[in-house]
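Where a number appears in this text, it was derived from the coordinates with a stated rule and is not lab data. Worth saying up front: this structure is predicted, and the values here are computed from it rather than measured. Cβ placement follows ideal geometry from the backbone for every residue including glycine, while neighbour counts extend to all protein chains displayed.
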Amino acid sequence: MSWYRLLAGECRAILTNPAIVLIVFIGVLFYSVLYPLPYLREIPSEQPVVAVNLDGSQLSRRLERFIDATPQVRLAARAASLDEARRLLLARHLAGILVIPEHFGRDLLLGRQPVLALAGDATYFLVSSTVLEGMNAAARTMAAEARAGQLLRAGVPPAGIGEQLTAVRLNVRPVFNAGMGYVQYVIPAVFVLILHQTLVMAAGILTAGQIGDRNGEAAGYWRRCPPWRLLLGRCLVFGLIYTGLALYYFGPALAMYGIARLAALEALWALIVPLLLAATAVGIVLGRLLAQPERVTLVVLLSSMPLVFASGFIWPETAIPDALNQAVQIVPAIPAIKAFILLNQMAADPAAILPLRGQLWLQALAYGLLAWWLLGRGQGLPSPGRQQPT
Amino acid sequence: MAPVLSQLGREWRLQAADRWLLALFGWLPPLMFALIWAIFGAGLARDLAVGIVDLDGSTLSRHLVRHYDASPTLAVTHRFGAVAAGAQALRSGSIHALVVVPAALEEDSRHRRSPQVTVFVNSQYLLIGRLVTSALQQAHATAAGGVDAVQVLSLGSPSVDPAAVVTPLAGQLNPLFNSGMNYARFLVVAIIPALWQILIVAATVMALAAELRKGELPIWLAPAPLLALAARIVPGTACFWGHGLLYLGGVHGILSWPMHGSWLVLAAAQLLTVVACQVAGILLMLLALDATRALSLVAAYTAPGLAFMGITFPASDMTPLARGWRSLLPISHYIEIQVGQANYGLAPAAMLPQFGCLLLFFILVVPIAFRVRMLRSRGAAVESRS
């Protein structure tokens, strides 16, 4: 059988399989819009908080204004007591509570170190850290003012105060995702996972569908060529289709959301090629082993969430149990997610991702050999997976 | 009663004969829940790698670095001679933050020129970056506060209380409803329900697919198709409700995470959620008429569920379109009930809107009935032709 007929057969099999068309051509495009959808507003801002001002002094109202002026928080309500504030928080879905204690203004002037209570609803981790950050910033501004006042009253010359109150300041500069945006955080990783998962599904569905002679074609094109050719042909066809999709994902799709694309094109290629080969081979292996297209789809679908959380971009790898960390290393998506983020969002030197690239090539090779063996073993024979369960 | 029971018994035997369905109904969901818990089991991140470029090498700079290293969240793992080497390590992901102590830090501080230590934090991994930032800020405040107090004393004004000058007012941070800002608690109780939703919808499709594969008469050609569909999903309802309760019992019972609300309300919400997911699953299967295609629809529908639930990113900050999609997912309504009960301990009556939303999913029975009628007439046409 000629290469031409093999490739034509592959293309026809892919394009005439509605499930594959749905996943590869419609799904991948749809996902590029759906996944960023919840995060389009990037960072939670102007979260509503309730103030319990037990003082009422000039200074306490000044603090309230400082808090309202931060970008993170806005003062949405006032309450007379902590209990009322808690009730309001629950009833109106507010994000936090600020309690200004009695005699706040007087204590501040007298240097008695009043204590502000700042509370954020930690059910929502991101919101609560935003709220606490905003209220804390306002409290720091207030503290700086108070400190200057105290020193002045103590007779320290104004020239000795100014900025120089804190002996050593800390200047925190977020890098790579300077705006601390959620899209830039989640989407680069999720896009890699989408490419990986849909490719594994598609190659698996195609492979599983060609086991036995369920299509009534006793002599399908896939039976008339040696397994190594079928393997290469399948990798080539899916590789070309996914090259197009990868170009879309790593190009206009990332650009559309304003996500950094710092990698050089050659460096991206050097990752895309082994990723696509490995994922296609994993798909063929799964297709052969699971023997039914819907089982492939199910397994890939169920694996997605554990893979996201085991991939180390949400929860540090060092905090995940070692056994789990090692177990997921067999999935191409794991090194791929890490490598693409390092290259594209963090501008790592290509040398830094060499081990990850090596891992991807190793996976491509290992799964390729396994796929070759499985394709050869099952060819022409009814597969064990087709036996009815007893 | 007896015919109903025997029908259910038949359904159960039919579905239990399929090893895959048996796994979905039995051991697989608890195993996956345990896996998620295992990933986040540590609860708090410890010893996150930090690199130091100490261009000063003074007593003061060593004092600061010791304080950073002493934070349980941080560990100073790398020291670099130059900023360039440190930046490279930060870019290659081997450290989460790079602390740069400028030259002449100690001298500038002694002359009250208020020098600053600059920290570059990798915020690409947003939540890890936030943990590192707040740990560094805390450690720095402790370390620098001591230095400030000495300086205030050296101003030589007897009427100044150094403590009051260093911290004129204190902020006491109280995370509500999740003491200690436990990361596991925050994420696990959102991830497991999202996973649960995927499992339920997918299992419903698999349960309906069992007979299509065997080439038997499809269920919509049964004498009473809607009843037959109902009987088909009941075993799944029981199993997945059981899994849901197992999860609740696991986190609030065995792990004893606080539970402020009513178990009864939560159990009822879970039952409604299971059925709502199953109804959605039936509709997807009837639309696709093929298990693989239906499952790829299930993937599109449920896989991004966690992002839309509003726990990781607030629903109030989503665009209207995102909120629209969110409301189409049963789990978004369930999670509001879960948070309202387990975290806030709200009165059951406050949960009525969410219960109403879950009940609305029963409207899907109408398109299901339409679709069944369509398929029946199509099936009849095929039969009459053959």
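What the table shows:
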{"read-out": "Fewest-first sequence of B:L31, B:L297, A:L247 by Cβ atoms within 10 Å of each Cβ", "value": "B:L31, A:L247, B:L297"}
{"read-out": "Label-to-label distance, nm, for residues given as A:R112 and B:S114 (7 Å Cα→Cβ offset)", "value": "2.9 nm"}
{"read-out": "Stokes-Einstein diffusion coefficient of region A:258-390, Kirkwood radius over Cα pairs, 20 °C, 1.002 mPa s, in µm²/s", "value": "130 µm²/s"}
{"read-out": "Rg/Rh for the protein assembly as shown, where both radii come from Cα atoms and Rh is the Kirkwood radius", "value": "1.03"}
{"read-out": "Hydrodynamic radius (Kirkwood) for region A:62-212, which is based on Cα pairs only, to one decimal in Å", "value": "19.8 Å"}
{"read-out": "Ascending count of other beta-carbon atoms within 10 Å, so fewest first, for B:V147, B:V201, A:V33, A:V192", "value": "A:V33, B:V147, A:V192, B:V201"}
{"read-out": "At least 24 Å along the helix axis (C-alpha) and Kyte average at least -0.5, DSSP helices within chain A", "value": "A:125-153, A:182-209, A:227-248, A:265-290, A:293-310, A:354-378"}
{"read-out": "Within the protein assembly as shown, percent of DSSP bridges classed antiparallel, to nearest 5", "value": "20 percent"}
{"read-out": "Rounded, prolate or oblate (a/c below 1.5 giving rounded, otherwise prolate when a/b exceeds b/c) for region B:212-336 by Cα gyration tensor", "value": "oblate"}
{"read-out": "Average Cα contact separation per residue, region B:48-178, under 8 Å, 6 or more apart, as relative contact order %", "value": "25 percent"}
{"read-out": "FRET efficiency, 1/(1 + (r/R0)^6) with R0 35 Å, evaluated for A:A366 and A:R5 via beta carbons", "value": "0.75"}
{"read-out": "Amide H contacts under 5 Å for B:G43, placed H, 5+ residues apart", "value": "B:A184"}
{"read-out": "Shape box of chain A [Cα atoms, principal axes, largest first, Å]", "value": "96, 46, 38"}
{"read-out": "DSSP bridge pairs, region B:48-178: antiparallel proportion in percent, nearest 5", "value": "25 percent"}
{"read-out": "Cα-projected label distance for A:L82 with B:L328, points at 7 Å along beta-carbon direction, nm", "value": "4.6 nm"}
{"read-out": "Bridge type composition, region A:47-165 - antiparallel percent by DSSP, nearest 5", "value": "25 percent"}
{"read-out": "Residues with amide H under 5 Å from that of A:I97, placed H, sequence gap 5 or more", "value": "A:V50, A:A119, A:G120"}
{"read-out": "Whole-number D in µm² s⁻¹ for chain B, Kirkwood Cα-pair radius fed into Stokes-Einstein, 10 °C, 1.306 mPa s", "value": "63 µm²/s"}
{"read-out": "Helical segments meeting 18 Å axial Cα length and Kyte-Doolittle 1.0 threshold in chain B (DSSP H)", "value": "B:28-40, B:183-213, B:225-248, B:263-288"}
{"read-out": "A:T16 versus A:R377: modelled label distance in nm, points set 7 Å from Cα along the beta carbon direction", "value": "3.0 nm"}
{"read-out": "Zone of B:W27's modelled label, taken as backbone nitrogen in region B:238-252 under 19 Å from a point 7 Å along Cα→Cβ", "value": "B:239-240, B:242-244, B:246-247"}
{"read-out": "Under the Debye formula (equal points on every Cα, no solvent term), log10 I(q)/I(0) of region B:48-178 at q = 0.10 Å⁻¹", "value": "-0.37"}
{"read-out": "Estimated FRET transfer efficiency when R0 is 60 angstrom, pair A:F25-B:R66 (beta carbons, to 0.05)", "value": "0.55"}
{"read-out": "Length released on extending from B:F370 to B:A34, taking residue separation times 0.36 nm less the Cα-Cα span", "value": "117.0 nm"}
